[in-house]
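Presented below is the structure to which this report refers.
The values are calculated or read from the model by the stated rules, or taken from the named source; none is laboratory data. Being a predicted model, the structure only gives us computed values, none of them experimental. A quick note on method: Cβ atoms are made from the backbone with ideal geometry, for glycine too, and the neighbour counts reach across all protein chains shown. Calculation scope for accessible area: heavy atoms of the full protein, side chains included, ligands and nucleic acids excluded. Shrake-Rupley method; radii C 1.70, N 1.55, O 1.52, S 1.80 Å.
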Amino acid sequence: MSWMLWWSFSLSASAIVIMAHGGSNVTYDSRSLVINGKHKIIFSGSIHYPRSTPQMWPYLISKARAGGLDAIDTYVFWNLHEPQQGQYDFSGRKDLVRFIKEVHAQGLYVCLRIGPFIESEWTYGGLPFWLHDVPGIVFRSDNKPFKYHMERYAKMTVKMLKAEKLYASQGGPIILSQIENEYGNVEAAFHEKGPPYVKWAAKMAVGLHTGVPWVMCKQDDAPDPVINACNGLRCGETFSGPNSPRKPAIWTENWTSV
């Protein structure tokens, strides 16, 4: 599959290459995602909603659609939405619900990369600064304080989106969700606290019952039923493939050059 990276205003295009199309019943098999029983190729490009304004979103999404994309993917920016512990902000350019509804209105799917760590050349990788003040916290580790706040945020996000019926299982556009991001790059640094964190994050995400599959990119040990996805250079050549014969090959980002 081909991929391109381009910028227009605040639109960045990365790609999720998956094989699916459809409506509300989203599953997968060894070939692809399966939506309403159909296997098709979907090209998804990134529009990160806070990097533009709500007034720009319709135009950016329409340009993506005109360029041949079937879906839009975006990270969810924890530090924007919870700048102070327990105080949430989804106004203006942070209006995730409005953004997803605009994508839906234009007939495209959504691939939601919740993180909550997103990297994305974003301050703290999207982690709120106030986490530093939590006693005993170790970020992105099998650490009780971090897992408590991560789960609370993930649950809040999913609950909000469910209330707006935005998951494909509810008739909405979200066909895929991602938990964590490129953790495989740093997992070994956490020694014995790394693998249990991966298992916990996957179990926590699946337990949110969104009705759509979950992925972890750059995570060869992503536990079932979470799909390990390629995020890197020329995935068609370099990706070692799914870690289970029951999972499809998915590319969350496919870079053609460094």
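Couple of notes before you dig in:
- Residue check for residue 30: open to solvent by 10 Å² or more (accessible area, probe 1.4 Å), of a type in the set (Gly, Ala, Ser) and not in a loop (DSSP other than H, G, I, E, B): no
- Of the residues making up segment 178-189, at least one is out of contact with any helix residue (DSSP H, G or I) (no Cβ under 9 Å at 6 or more places or on another chain) and open to solvent by 60 Å² or more (accessible area, probe 1.4 Å).
- Cross-chain or 6+ apart pairs with Cβ under 8 Å, segment 210-225 first and on the phi > 0 side of the Ramachandran plot and without any contact (Cβ under 8 Å) to a residue 40 or more places away in the chain, then charged (D, E, K, R) and not in a strand (DSSP E or B): 218/182
- When 205, 229, 201, 249 are screened for being assigned to a helix (DSSP H, G or I) and closer than 22 Å to residue 173 by Cα, only 205 passes.
- Among the residues of segment 121-166, those identified as open to solvent by less than 10 Å² (accessible area, probe 1.4 Å) and at positive phi are 125, 126.
- Selection within segment 1-22 - more than 19 Å from residue 241 (Cβ to Cβ) and either modelled with pLDDT of 50 or more or in contact with a helix residue (DSSP H, G or I) (Cβ under 7 Å, 6 or more places away or on another chain) (or both): 8, 9, 10, 11
- From the options 97, 103, residue that is open to solvent by 10 Å² or more (accessible area, probe 1.4 Å), β-branched (Val, Ile, Thr), within 20 Å of residue 169 (Cα to Cα) and assigned to a helix (DSSP H, G or I): 97
- Against the test of being open to solvent by 40 Å² or more (accessible area, probe 1.4 Å) and not basic (Lys, Arg), the options 47, 35, 41 yield a single qualifying residue, 41.
- Odd one out for residue 118, checked against (1) surrounded by 22 or more Cβ atoms within 10 Å (Cβ to Cβ); (2) part of a helix (DSSP H, G or I): (2)
- Test: residue in segment 70-81 that is in contact with a strand residue (DSSP E or B) (Cβ under 8 Å, 6 or more places away or on another chain), within 21 Å of residue 24 (Cβ to Cβ) and either open to solvent by 50 Å² or more (accessible area, probe 1.4 Å) or assigned to a loop (DSSP other than H, G, I, E, B) (or both): yes
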